[in-house]
Structures are given as C-alpha cells and as structure tokens.
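Report on one structure; see the data block that follows.
The values are calculated or read from the model by the stated rules, or taken from the named source; none is laboratory data. In this text the structure is predicted, and so the values were computed from the model without any measurement. Don't worry about glycine lacking a Cβ; one is built from the backbone with ideal geometry, like all the others, and counts go over all protein chains shown.
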Amino acid sequence: MTISSEIDPKLIEEILKFGRNVINAPRMVSSPDQIILDVTRHDVASGIDKTRLLHYRPLTEKRHATPLLISYAVINRFHILDIHPEKSWVRNLLRQGFDVYMLDWGTPTSMDKYLDFDDYVNGYMDSYVEHIKDESSVESVSLQGYCTGGTISAMYAALHPESVRNYVATAPVVDGWRDTTVISNLAKHMDVDKMVETIGNMPPEFMYYCFSVLKPFEQGVEKYVNFFRNIHDKRFVDNFLRVEKWLGDTPPIPGELFRQWIRDIYQRNLLARNKMHVGGVHVDLKRITMPMFIQIAVGDHLVSPECSMPLYAAVGSRDKTLRMYPTGHVGMIASSLSQKRVLPELGSWLAERS
C-alpha cells in the first residue's frame, strides 16, 4: 500500500489566502476601540453616584402604558443590548411600542468597594423604579433582568413586589450549585474573603481571565481564525468588532458585592435555598407573585440552563412562562434569532400584561 505525498492544491491556496488576510488585516479593518456604536438615542433620566438611568426616545407611538426597566448585568456594559441597529434588543422593543428604560451600573472606583446587594437592590434599583413611577404616573413597572442583572431583579421583585407589574428573567443566575459552567466551578473554590481583602474591587483583568477559560480554544484561536477567513465580509467584520469592543469594556466589580456574589450565590446557594437576606430582610422568592417570563439559552456557557430553571418553581407566580432557545448567552439577546423569535415572543407576552 502506498500513501500519496501530494498536497491538495486547494488546501495550499486556502493557506496562502489565509496568510494574505492576516498580513493585510491592519490596513483593511479598524481596531475594536475605533468602532463607534450606533446606540439608540436616549436621555439620562436620573443619576446616583456612578449609576445612571437611561430613557430611550420612542421610535413609534407608545402603545403600552406600563414602562419597562432593563437591568443589565454588573459585568461588561449594557451596549450588548444595543450593539447594532439590526440586532438591537432596545430598538426592537421601542418599535413594538414599549417605553424603555435602562439601568447603567457605571464604573465603580476604589471608594465604591463596600457597595453590596443592599445598595444595588434597595438603593439604586428602588430609587430608579420610584423615579420611573413618578415620571410615568404608574404604580408599577415591568422589570427585565439579564444575567446577573436578572438575579438582582429577582431580589428586587421579591422585596418590592408592589412596584413590579411584570418580571422578565433573561438567563438569570439563581441556583449556584446546579450551574455547570467553568465560572461556577471556579467560584466554588475561591477564597473570596482573601481576594477582596487583598485586591478590593475585582479588576477587569480578572474578569478577562475568567472569560478566557470558559472556552479556551474557541475564544483564543477559533474565533480569530474565522475572523481572518471572513475579513473581506464587511458585515461579518463589523459585527465581530462590535462584540470585541463590548468584551473589552468591562468595569470593576465592587469588592463587597463580589464577595456576596461568590459566597452567597455560588458557594452557599442562599437564593435558591430561600435563605438569602438583603439589607437584613429575607428574600423570599415566593413573594414574586406577579406574571413572570423566563428566557433560557440552551447553549449558554456563562449561565447554564440548570442554574436558571429553578427560578420557575421557586416563585409564587401563577402566571409564569418559561421559554428555551437554541442559542447562547449573547445570541439570545443580540442575534437574528433574538430579533425574529425571542423578542416577538417577549413583546407579545408583555403587551398582554402592560
């Protein structure tokens, strides 16, 4: 038996083409920090410390009386929900006639290292909800929380149910013991007290490290191979750079908030076990009795479905809906799927209850 030593000419051409793309990349594309995001026009409705309440300007006639407040995660920035005009979560909801607000957690500094769940839930979020209620002349708002923002929103809905008309949980971090992600496994073995006492706020570099170990080959090699292969596709490159810009813009996390997050959510699993206290008050998830809509991504590598799903059974709501989508953590909120399926389903659900 003989083995041919000839190399496929098509493979050689593909390798040469890839090499040319790598060499020409610096003059063909901008760096992520040079990308200007086409964020939806908005006004700063209010501000407390480093945080801001953004109010988006309408794109059509308002059709729903109940305003919607979106609580983004404490990691990265809210821009992923408004990353591109064609994939904007915010613009889609505005086009459906909703009055949309966004909670921007800002950039904590060393003087904010003692901020904790109480500050975020009973301080910032409650103040902004009250502002929206006064500004819109309503008694309650619809509240959507994404990722860790979903966890904070769940605490708020349990502690202030009278102010929440509808609660939307998008990939919320709830059951730390059932979370199967790398982040969860890391968190369960952290000496978080020593980390916070030594470092203070968790710096962006630590979060970059956590993200890099989630899918090391995909995040460190594969995505860049795909980038150079598609460097002549302007649409692909534009989307790639926008997401890279978002990934590279991670604020610090207040030390005390980080300590509580790792210790109480992942290590002790207090929220899912109904033993969580915020500001000295028991966070009883059974007090979430308003209509609830849970959105879960099957391929989520940041918050596994097993981590989010227990919320469905834990709350006291009778009107509750759970939807699972064949996508990932970011794909659920910033993709063609989110525009064509996720948002229409959410908008229809919200419209009936707003």
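Against the list (1) out of contact with any Phe, Trp or Tyr (no Cβ under 9 Å at 6 or more places or on another chain); (2) over 16 Å from Gly145 (Cα atoms); (3) without any contact (Cβ under 8 Å) to a residue 24 or more places away in the chain; (4) assigned to a helix (DSSP H, G or I), the condition Lys286 fails is (3). I'd like the full set of residues that are more than 25 Å from Asp82 (Cβ to Cβ) and in a strand (DSSP E or B), limited to region 92-133. Of everything in region 92-133, nothing turns out to be more than 25 Å from Asp82 (Cβ to Cβ) and in a strand (DSSP E or B).
Counting the residues of region 136-188 that are hydroxyl-bearing (Ser, Thr, Tyr), closer than 21 Å to Leu93 by Cβ, out of contact with any Ser or Thr (no Cβ under 6 Å at 6 or more places or on another chain) and part of a helix (DSSP H, G or I) gives 3.
Note on region 297-315: residues that are within 17 Å of Trp177 (Cβ to Cβ), touching a residue at least 40 places away in the same chain (Cβ under 8 Å) and not in a loop (DSSP other than H, G, I, E, B) total 6.
A residue that is modelled with pLDDT of 95 or more, acidic (Asp, Glu) and closer than 16 Å to Pro161 by Cα occurs somewhere in region 303-324.
So is Arg323 of a type in the set (Lys, Arg) and either outside any helix (DSSP H, G or I) or buried (at least 22 other Cβ atoms within 10 Å of the Cβ) (or both) or not?
Working: of a type in the set (Lys, Arg): yes; either outside any helix (DSSP H, G or I) or buried (at least 22 other Cβ atoms within 10 Å of the Cβ) (or both): yes.
Yes.
Of all residues in region 326-340 being under 21 Å from Arg63 (Cβ atoms) and more than 16 Å from the chain's Cα centre (by Cα), which is surrounded by the fewest Cβ atoms within 10 Å (Cβ to Cβ)?
Within region 326-340, the first condition is being under 21 Å from Arg63 (Cβ atoms), and the residues that meet it are 338-340.
Among the residues that remain, those that are also more than 16 Å from the chain's Cα centre (by Cα) are: 339-340.
Details: Gln339: 16, Lys340: 10.
Once the filter is applied, the top-ranked residue is Lys340.
Looking at this structure, is Met111 under 23 Å from Pro252 (Cα atoms) and crowded, with 18+ Cβ neighbours inside 10 Å?
Details: under 23 Å from Pro252 (Cα atoms): yes; crowded, with 18+ Cβ neighbours inside 10 Å: no.
Here the answer is no, as Met111 does not meet what is asked.
Is there any pair with a first residue in region 194-207 that is on the phi < 0 side of the Ramachandran plot and a second that is surrounded by fewer than 16 Cβ atoms within 10 Å (Cβ to Cβ) and of a type in the set (A, V, I, L, M) whose Cβ atoms are under 8 Å apart and which are 6 or more apart or on different chains, and what are they? Close Cβ pairs (under 8 Å, with a partner that is surrounded by fewer than 16 Cβ atoms within 10 Å (Cβ to Cβ) and of a type in the set (A, V, I, L, M)) amount to Phe206/Ile199. Please determine whether any residue of region 252-263 is surrounded by fewer than 18 Cβ atoms within 10 Å (Cβ to Cβ) and more than 22 Å from Asp193 (Cβ to Cβ). No, every residue in region 252-263 fails to be surrounded by fewer than 18 Cβ atoms within 10 Å (Cβ to Cβ) and more than 22 Å from Asp193 (Cβ to Cβ). Just give me the residues in region 103-117 being within 17 Å of the chain's Cα centre (by Cα) and hydroxyl-bearing (Ser, Thr, Tyr), in sequence order. Thr107 - this is the single residue of region 103-117 that is within 17 Å of the chain's Cα centre (by Cα) and hydroxyl-bearing (Ser, Thr, Tyr).
Criterion first (modelled with pLDDT under 95, over 19 Å from Val39 (Cβ atoms) and crowded, with 18+ Cβ neighbours inside 10 Å) does Val121 satisfy it? Considered against the rule, which asks whether it is modelled with pLDDT under 95, over 19 Å from Val39 (Cβ atoms) and crowded, with 18+ Cβ neighbours inside 10 Å, Val121 comes out as no.
Among the criteria (1) under 30 Å from Met195 (Cβ atoms); (2) at pLDDT below 95, the one Pro85 does not fulfil is (1).
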